[in-house]
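First the structure, in the form of C-alpha coordinates, and then the observations on it.
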Amino acid sequence: MSKIYLIRHGQTDWNRAGKIQGMRDIPLNETGRQQARQLAEGMADRPVARVFTSRLKRARETAQILADSQRVPLYLVNGLEEISYGDWEGMSMEEIRRRFPEEFAAWWKDPVEGAPPNGESQMDVLIRSARAMEAMKANMAQDGAEAVAVVSHGATICCILSWLLKDQVPEELSVMNAAITTIGYDPGTGGCVLESLNDARHLHG
(Lines give C-alpha, C1' and ligand atoms only; values in the text may rest on other atoms or scores of the structure.)
Protein backbone atom coordinates (compact mmCIF):
# COMPACT_ATOMS: atom_id res chain seq x y z
CA MET A 1 0.00 0.00 0.00
CA SER A 2 1.27 3.47 -0.91
CA LYS A 3 1.53 6.33 1.60
CA ILE A 4 0.25 9.90 1.54
CA TYR A 5 1.76 12.01 4.32
CA LEU A 6 -0.43 15.03 5.10
CA ILE A 7 1.62 17.67 6.92
CA ARG A 8 0.58 20.98 8.43
CA HIS A 9 3.01 23.90 8.06
CA GLY A 10 5.19 25.07 10.95
CA GLN A 11 4.31 27.85 13.38
CA THR A 12 3.87 31.51 12.42
CA ASP A 13 3.65 34.62 14.58
CA TRP A 14 -0.09 34.70 13.91
CA ASN A 15 -0.43 31.09 15.12
CA ARG A 16 1.32 32.09 18.32
CA ALA A 17 -0.89 35.16 18.74
CA GLY A 18 -4.11 33.22 18.08
CA LYS A 19 -4.96 35.22 14.94
CA ILE A 20 -6.93 33.74 12.06
CA GLN A 21 -4.62 33.54 9.01
CA GLY A 22 -6.75 32.09 6.25
CA MET A 23 -5.40 33.20 2.89
CA ARG A 24 -3.10 35.85 4.36
CA ASP A 25 0.43 34.99 3.24
CA ILE A 26 2.16 34.86 6.63
CA PRO A 27 5.68 33.35 6.74
CA LEU A 28 7.05 30.93 9.30
CA ASN A 29 8.61 32.37 12.43
CA GLU A 30 11.87 30.98 13.83
CA THR A 31 10.01 28.36 15.85
CA GLY A 32 8.22 27.30 12.67
CA ARG A 33 11.51 26.97 10.78
CA GLN A 34 12.91 24.84 13.59
CA GLN A 35 9.76 22.70 13.48
CA ALA A 36 10.23 22.27 9.72
CA ARG A 37 13.80 21.08 10.28
CA GLN A 38 12.60 18.66 12.97
CA LEU A 39 9.89 17.49 10.59
CA ALA A 40 12.51 16.76 7.93
CA GLU A 41 14.46 14.71 10.47
CA GLY A 42 11.28 12.88 11.49
CA MET A 43 10.58 12.05 7.85
CA ALA A 44 14.09 10.70 7.22
CA ASP A 45 12.93 7.09 7.51
CA ARG A 46 9.81 7.82 5.45
CA PRO A 47 11.16 8.55 1.96
CA VAL A 48 8.85 10.22 -0.55
CA ALA A 49 9.00 10.53 -4.33
CA ARG A 50 7.91 14.17 -4.32
CA VAL A 51 6.46 16.91 -2.12
CA PHE A 52 3.28 18.82 -2.99
CA THR A 53 2.49 22.09 -1.25
CA SER A 54 0.08 24.97 -0.90
CA ARG A 55 1.36 28.16 -2.50
CA LEU A 56 1.17 30.14 0.76
CA LYS A 57 4.59 30.99 2.25
CA ARG A 58 4.18 29.15 5.54
CA ALA A 59 3.42 25.87 3.77
CA ARG A 60 5.92 26.46 0.97
CA GLU A 61 8.78 27.14 3.40
CA THR A 62 7.96 24.00 5.39
CA ALA A 63 7.71 21.93 2.21
CA GLN A 64 10.97 23.28 0.79
CA ILE A 65 12.94 22.21 3.86
CA LEU A 66 11.42 18.72 3.62
CA ALA A 67 12.00 18.43 -0.14
CA ASP A 68 15.60 19.61 0.18
CA SER A 69 16.30 17.10 2.94
CA GLN A 70 15.03 14.23 0.78
CA ARG A 71 16.40 15.65 -2.49
CA VAL A 72 13.06 15.31 -4.25
CA PRO A 73 11.05 17.72 -6.42
CA LEU A 74 8.65 20.25 -4.89
CA TYR A 75 5.38 21.11 -6.66
CA LEU A 76 3.11 24.07 -5.86
CA VAL A 77 -0.51 23.01 -6.16
CA ASN A 78 -3.62 25.18 -6.49
CA GLY A 79 -6.38 24.08 -4.13
CA LEU A 80 -4.24 23.24 -1.10
CA GLU A 81 -4.40 26.76 0.39
CA GLU A 82 -6.04 27.42 3.74
CA ILE A 83 -9.75 28.22 3.92
CA SER A 84 -10.43 31.90 3.28
CA TYR A 85 -11.90 33.56 6.36
CA GLY A 86 -12.60 36.75 4.41
CA ASP A 87 -13.25 39.77 6.64
CA TRP A 88 -12.23 37.82 9.75
CA GLU A 89 -8.59 37.31 8.84
CA GLY A 90 -6.14 38.92 11.23
CA MET A 91 -8.54 38.68 14.20
CA SER A 92 -8.76 36.27 17.12
CA MET A 93 -11.89 34.17 17.59
CA GLU A 94 -12.86 36.39 20.53
CA GLU A 95 -12.60 39.53 18.37
CA ILE A 96 -14.71 37.90 15.67
CA ARG A 97 -17.35 36.85 18.20
CA ARG A 98 -17.49 40.41 19.51
CA ARG A 99 -17.45 42.31 16.21
CA PHE A 100 -19.56 39.93 14.09
CA PRO A 101 -21.97 38.31 16.59
CA GLU A 102 -24.73 37.37 14.15
CA GLU A 103 -22.42 36.22 11.35
CA PHE A 104 -20.28 34.26 13.80
CA ALA A 105 -23.31 32.50 15.32
CA ALA A 106 -24.59 31.49 11.87
CA TRP A 107 -21.16 30.22 10.81
CA TRP A 108 -20.62 28.34 14.08
CA LYS A 109 -23.98 26.62 13.65
CA ASP A 110 -23.18 25.43 10.12
CA PRO A 111 -19.50 25.86 9.11
CA VAL A 112 -19.85 23.22 6.38
CA GLU A 113 -22.24 25.29 4.25
CA GLY A 114 -21.93 28.67 5.96
CA ALA A 115 -19.05 31.06 5.33
CA PRO A 116 -17.52 34.15 6.95
CA PRO A 117 -18.26 37.46 5.17
CA ASN A 118 -16.33 37.39 1.88
CA GLY A 119 -14.85 34.00 2.81
CA GLU A 120 -15.28 30.31 2.02
CA SER A 121 -17.31 27.51 3.54
CA GLN A 122 -15.76 24.17 4.48
CA MET A 123 -17.62 22.69 1.50
CA ASP A 124 -15.88 25.15 -0.83
CA VAL A 125 -12.50 24.03 0.53
CA LEU A 126 -13.41 20.34 0.43
CA ILE A 127 -14.31 20.62 -3.27
CA ARG A 128 -11.13 22.44 -4.30
CA SER A 129 -8.78 20.37 -2.13
CA ALA A 130 -10.44 17.10 -3.25
CA ARG A 131 -9.84 18.08 -6.86
CA ALA A 132 -6.16 18.67 -6.07
CA MET A 133 -5.85 15.38 -4.18
CA GLU A 134 -7.57 13.43 -6.96
CA ALA A 135 -4.94 14.67 -9.41
CA MET A 136 -2.15 13.67 -7.00
CA LYS A 137 -3.60 10.20 -6.48
CA ALA A 138 -3.83 9.72 -10.25
CA ASN A 139 -0.23 10.87 -10.57
CA MET A 140 0.89 8.30 -7.98
CA ALA A 141 -1.04 5.51 -9.68
CA GLN A 142 0.42 6.42 -13.06
CA ASP A 143 4.10 6.36 -12.12
CA GLY A 144 3.98 3.90 -9.22
CA ALA A 145 5.16 6.35 -6.53
CA GLU A 146 5.19 4.55 -3.18
CA ALA A 147 4.87 7.70 -1.06
CA VAL A 148 4.32 11.46 -1.38
CA ALA A 149 4.11 14.32 1.12
CA VAL A 150 1.41 17.00 0.98
CA VAL A 151 2.04 20.19 2.98
CA SER A 152 -1.06 22.25 3.66
CA HIS A 153 -3.04 23.94 6.45
CA GLY A 154 -5.12 22.94 9.46
CA ALA A 155 -8.67 23.42 8.13
CA THR A 156 -7.73 22.25 4.65
CA ILE A 157 -6.13 19.04 5.95
CA CYS A 158 -9.30 18.32 7.93
CA CYS A 159 -11.33 18.74 4.72
CA ILE A 160 -8.94 16.47 2.82
CA LEU A 161 -9.26 13.82 5.52
CA SER A 162 -13.06 14.06 5.37
CA TRP A 163 -12.91 13.40 1.63
CA LEU A 164 -10.25 10.66 1.68
CA LEU A 165 -11.58 8.73 4.66
CA LYS A 166 -15.34 9.22 4.42
CA ASP A 167 -16.84 7.39 7.43
CA GLN A 168 -13.42 6.71 8.98
CA VAL A 169 -12.95 10.35 10.02
CA PRO A 170 -12.38 10.74 13.80
CA GLU A 171 -15.00 12.80 15.64
CA GLU A 172 -12.37 15.08 17.20
CA LEU A 173 -10.26 16.22 14.29
CA SER A 174 -7.45 18.77 14.53
CA VAL A 175 -3.83 18.89 13.42
CA MET A 176 -0.84 20.54 15.09
CA ASN A 177 1.82 22.64 13.41
CA ALA A 178 4.35 20.40 11.61
CA ALA A 179 2.44 17.23 12.56
CA ILE A 180 2.28 14.24 10.18
CA THR A 181 -0.89 12.32 9.35
CA THR A 182 -0.29 9.10 7.42
CA ILE A 183 -2.81 7.75 4.92
CA GLY A 184 -2.51 4.31 3.35
CA TYR A 185 -3.55 4.50 -0.30
CA ASP A 186 -4.32 1.57 -2.62
CA PRO A 187 -3.73 2.80 -6.21
CA GLY A 188 -5.61 -0.21 -7.55
CA THR A 189 -8.89 0.48 -5.79
CA GLY A 190 -8.41 4.15 -4.91
CA GLY A 191 -9.23 3.31 -1.28
CA CYS A 192 -7.63 5.10 1.67
CA VAL A 193 -7.19 4.17 5.34
CA LEU A 194 -5.98 6.25 8.27
CA GLU A 195 -2.71 4.84 9.63
CA SER A 196 -1.74 7.61 12.06
CA LEU A 197 -3.14 11.01 12.96
CA ASN A 198 -1.33 14.13 14.12
CA ASP A 199 2.05 12.49 14.77
CA ALA A 200 4.31 15.14 16.36
CA ARG A 201 6.89 12.93 18.08
CA HIS A 202 9.67 14.48 16.00
CA LEU A 203 8.99 17.85 17.66
CA HIS A 204 9.68 16.49 21.14
CA GLY A 205 12.78 14.39 20.52
Output the qualifying pairs, or none if there are none: Cβ atoms under 8 angstrom, residues six or more apart or on different chains, first residue in the stretch 100-128 and farther than 14 Å from residue 155 by Cα and free of Cβ contacts under 8 Å to residues at least 12 places away in the same chain, second residue of a type in the set (Phe, Trp, Tyr) and open to solvent by less than 80 Å² (accessible area, probe 1.4 Å).
-> 114/107
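Every residue, every condition in (1) more than 19 Å from the chain's Cα centre (by Cα); (2) closer than 20 Å to residue 161 by Cα; (3) not in a loop (DSSP other than H, G, I, E, B), yes or no:
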{"position": "65", "(1), (2), (3)": "no, no, yes"}
{"position": "72", "(1), (2), (3)": "yes, no, no"}
{"position": "79", "(1), (2), (3)": "no, yes, no"}
{"position": "95", "(1), (2), (3)": "yes, no, yes"}
Failed item, numbered, when residue 198 is tested on (1) in contact with a Cys (Cβ under 7 Å, 6 or more places away or on another chain); (2) of a type outside the set (D, E, K, R); (3) assigned to a strand (DSSP E or B) = (1)
Scope the stretch 97-122; condition within 22 Å of the chain's Cα centre (by Cα), assigned to a helix (DSSP H, G or I) and either farther than 23 Å from residue 151 by Cβ or small (Gly, Ala, Ser) (or both); matching residues = 107, 108
Does residue 135 satisfy the criteria of being closer than 21 Å to residue 59 by Cα, hydrophobic (A, V, I, L, M, F, W, C) and surrounded by fewer than 22 Cβ atoms within 10 Å (Cβ to Cβ)?
-> yes
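Considering only residues of the stretch 23-81 that are among the polar types (S, T, N, Q) and in contact (Cβ under 8 Å) with a residue 60 or more places away in the chain, which is surrounded by the most Cβ atoms within 10 Å (Cβ to Cβ)?
Our first condition is that a residue be among the polar types (S, T, N, Q); within the stretch 23-81, this holds for 29, 31, 34-35, 38, 53-54, 62, 64, 69-70, 78.
Filter again for in contact (Cβ under 8 Å) with a residue 60 or more places away in the chain, leaving 35, 38, 53-54, 62.
Working: 35: 26, 38: 19, 53: 26, 54: 25, 62: 31.
The qualifying residue surrounded by the most Cβ atoms within 10 Å (Cβ to Cβ) is 62.
The values are calculated or read from the model by the stated rules, or taken from the named source; none is laboratory data. This is a predicted model, so every value here is computed, not measured. When we count neighbours, we look across all protein chains shown, and the Cβ atoms used for this are built from the backbone with ideal geometry, even at glycine. Just the protein is used for accessible areas: all its heavy atoms, side chains included, with ligands, DNA and RNA removed. Shrake-Rupley method; radii C 1.70, N 1.55, O 1.52, S 1.80 Å.
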